[in-house]
Amino acid sequence: MKYIVLLFLFVSFKCSLANHCKITRTKTDITCDCSSKNLRRIPLRKIPRETTILNLSGNSLTLVTNNSFEGLGKVHTLYLQSSKITLFEVGAFSGLDSLTYIDLSSNFIEKKSLPPGLFRPISKLQYLNIASNLFLISKEYPDRVLQDLTHLQNLSMSGINGAVFGNGFKYLTSLNSLNLDPCSINELQNDTFVSFKGLPILNLNFICRLKKVQPGALAPFQSISSLAIVGSELIRISDLLVVLSSLRDRNMSLIDFSSNYRSLTGADVISSEAFSYLGGVCVKEVILRRNQIGIIKGGSISRMKYKNCLQKFDVSQNNIYGDYQTGLEIFKLSALKVLDCSKQEELGPYKKIKNESLNFEDSKYSLSYSVDLPPSLERLNASGLSLKNSPLANVNFKFASHVVYFDVNWTPFTNCDGVITGLDNLQFFGMSGFNCEILNPKMISSFKNLQELQSRNANLNIGLQHDVNEIFLKGLKKLRIIDFAGNGLENLNPKLLRSQYNSLYSVDLSNNNFDDFPFQITEFKNLSYINLENNKIIGLDEKVTNDLDDLESRVKGHLKIRLYRNLLQCNCKSLNFIKWLFKTKIQLDNGGNYSCGYIDGSKKSTAYALKNIEELTKQCASKFWLITSVCLTLLLIIIIFISSIVYKYRITLQYWYLVIRRRYKIYSKLDEQSDYKYSAFVAYHNDNYSWVCGPLTSFLEGEKKLSLCLHDRDFALGSLIVDNIFEAISQSKKVILIVSKSFLKSTWCEYELDMARMRMFRENKDILIVILVEKIPPEDMPKSLLRIWNNVTCIEAEEYVSEENTQQFQHLFWKRLYQSIIT
């Protein structure tokens, strides 16, 4: 039993909290918010007596009884909308002596729910909203109960098709705004608003399902200043404009006829006669947005009686494709300050219609146009126009000295090869969506006062590549905001922004392909916002971060940078960058915490990397020494391998080196020689000097008149030995090797053998003559000689060398040697 009591108390406490009203206080008001508490009656005891704003909306009050607000004499604003109210007792509002605003919309109120005299206690009421109730059931307006509200200024209620505005509305002598929303009225007749005649109504706002209007429907509204008939979707503007005939020669601030015709049956064509109804009113602002207007006939503007009154004209979101004469008449609107013709779409069966005067299919880049603008025009919005195959021509705007805003974003020009002039005081220019693969660098060079440039998704990655002289932004020294997002840019010309060093405040380079910080920032004085989101940046080096910190100091702590959705890496190369993200004073998005590729290949965050920075540093250190060791080992292996190759083929390499060097010394090519300086080069050791310079030389040079090259006699003084050997072999028809044991032990003799062997291989000729002057076993022979043994002439002459045997065998030996040389 004890637990049941406790549970009951707990539930009661929770319900008490749920029904508790929230009290907030300001300098001027005390607000009691009891909304959405599922209240079935007004909790008078829980509402402070000094309350000025009371919110009881979203409850289930059903019946509001007499004296429900007793003692709340300071309440001036009361919200009772969506509270399921079906009935008020006649004294329900007694005590609300200061009430000026009440919202009773979206309840279940009928005419009989409001007893006569209900509003007498609140006769000072200025605003009343009874829209979206059940007056539609009886098809009657509660005008009799409203007649007590002689101070009412703003009345919002639902328009009822077929219902009559009764005589009770005549007593609303202070009414200046009438709002019918929602509204089911299909037709505005000449007598529809007769009960409002003479009332000081300034503002009319109708959101009805109109299909038809009569010319005199608005005649009772003698003081009207603002008229909004919107959202019908069933009546053409050409048919709706006639309702203005009863407002002829009036001075008005606004006529809003937006969203009144949306149909697949075709576009609306407004004749100059229909447009003259609009021109017959001296109105400052006209909105004809989203009405499927296809044509405003030529001469329409010329027929406007009060064309000099119009200051703002909005024909956006239509399908205006002609006629061309109307565009030429725009300049006649001498007081026009704002023109919005954006988002002209092709709709329904008219999407294939073309006006030949506006067909750019045959246009050439050299075409030039002159466009006359209204002399007072300040803002021109021509974004989102449906142009096909339309290159940007050279355009000169006349009378455009006041134009400061020109938006042509998402108008798909096929190139940017034209030059725009005449907009000398322009401050904003939007050219997003242009195809600037072909870009005239002087396209906007005349915009000397430009402060903001938008060029998103304009293929500037290609167009700016051709601007080698950095002309595109040159001279635009007042440019503060640049938006080049989504252009596929991989780099920027270092001098592209040089004219903006003092002026640039914000640059948006998001959604591009930069893999590093895209420009030098050391010269910028006021740059405070840099957006690099969604690029391919893996990190910023220390120089860039230092430059950014310096910039942050120059702009006194106002620098903001966005790096979200890049390819940041948390690895050994980015340790300093990770630390910088969290110690810099720059305002980074998400506090510098970004997704990054971690050292182990996983996805982490920069905050995680900073938290584990010591462990990461250790891993990088060990990884560094591992990589260093591997690299040194590989380098050592490569050195050993190359050294072994060089050693193995050292003679070959040296031979070719000498060949190449000889050619660079402007010697003749070896294979082009037909005559040789020497008949033979004799390679011998000094131990055989007596025989070589004695009998051998005497026979070959003295008797046979051959020319021999001997190193003791013919080598050039001052030249390197290797050069002398190479030259001697190269300039000799044959090479005679005097092979002895001393020869085989000599390094220079071995070198002469190798050089001769290389020449033999290169020329593929039998040039070697080997004379064995001693008996030498094959195993003592050098391998280089054994490899070519079968391709050389070999004479075993040890017996001929002996002085005592020389005379006996002289004839046979010298004959064979001589024949070997000359063949």
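The values are calculated or read from the model by the stated rules, or taken from the named source; none is laboratory data. The model shown is predicted, which means the values in this text are computed figures rather than measured ones. All Cβ positions, even for glycine, are placed from backbone atoms using ideal geometry, and neighbour counts span all protein chains on display. The protein model used for the area step is the full one, side chains on, heavy atoms only, and it has no ligands, DNA or RNA in it. Shrake-Rupley method; radii C 1.70, N 1.55, O 1.52, S 1.80 Å.
Remarks
- A search for C-beta distances below 8 Å between a residue of the range 750-779 that is closer than 17 Å to PHE726 by Cα and any residue that is acidic (Asp, Glu), counting only pairs 6+ apart in sequence or on different chains, returns MET760/ASP766; GLU763/ASP671.
- Helices (runs of 4 or more DSSP H) within the range 670-765 that include 2 or more residues touching a strand residue (DSSP E or B) at 6+ places or on another chain (Cβ under 7 Å): 721-730, 747-763
- Residue tally, condition touching an Asp or Glu at 6+ places or on another chain (Cβ under 9 Å) and free of Cβ contacts under 8 Å to residues at least 24 places away in the same chain, over the range 414-473: 0
- Residue check, ASN535 open to solvent by 20 Å² or more (accessible area, probe 1.4 Å) and either closer than 19 Å to ARG456 by Cα or at pLDDT 95 or above (or both): no
- Restricting the range 464-497 to residues that are within 17 Å of ILE530 (Cβ to Cβ) and among the polar types (S, T, N, Q), the residue that is nearest to the chain's Cα centre (by Cα) is ASN487.
- Test for PRO412: is it surrounded by fewer than 17 Cβ atoms within 10 Å (Cβ to Cβ) and touching a Phe, Trp or Tyr at 6+ places or on another chain (Cβ under 7 Å): no
- Positions within the range 69-79 being open to solvent by 10 Å² or more (accessible area, probe 1.4 Å) and either touching an Asp or Glu at 6+ places or on another chain (Cβ under 8 Å) or at pLDDT 95 or above (or both), in sequence order: GLY73, LYS74, HIS76, THR77, TYR79
- Residues (among the polar types (S, T, N, Q) and open to solvent by 40 Å² or more (accessible area, probe 1.4 Å)) located in the range 688-706: SER690, SER698
- Residues (within 22 Å of LYS297 (Cα to Cα) and hydrophobic (A, V, I, L, M, F, W, C)) located in the range 223-267: LEU234, ILE235, ILE237, LEU240, LEU241, VAL242, VAL243, LEU244, ILE255, PHE257, LEU264, ALA267
- Looking only at residues in the range 27-68 that are out of contact with any Phe, Trp or Tyr (no Cβ under 6 Å at 6 or more places or on another chain) and in a strand (DSSP E or B), the one that is surrounded by the most Cβ atoms within 10 Å (Cβ to Cβ) is LEU54.
- Among the residues of this structure, PHE221 does not count as one that is under 28 Å from SER113 (Cβ atoms) and either touching a Leu at 6+ places or on another chain (Cβ under 9 Å) or touching a residue at least 12 places away in the same chain (Cβ under 8 Å) (or both).
- Hits in the range 224-243 - residues which are touching a Leu at 6+ places or on another chain (Cβ under 8 Å), part of a loop (DSSP other than H, G, I, E, B) and not small (Gly, Ala, Ser): ILE224, ILE235
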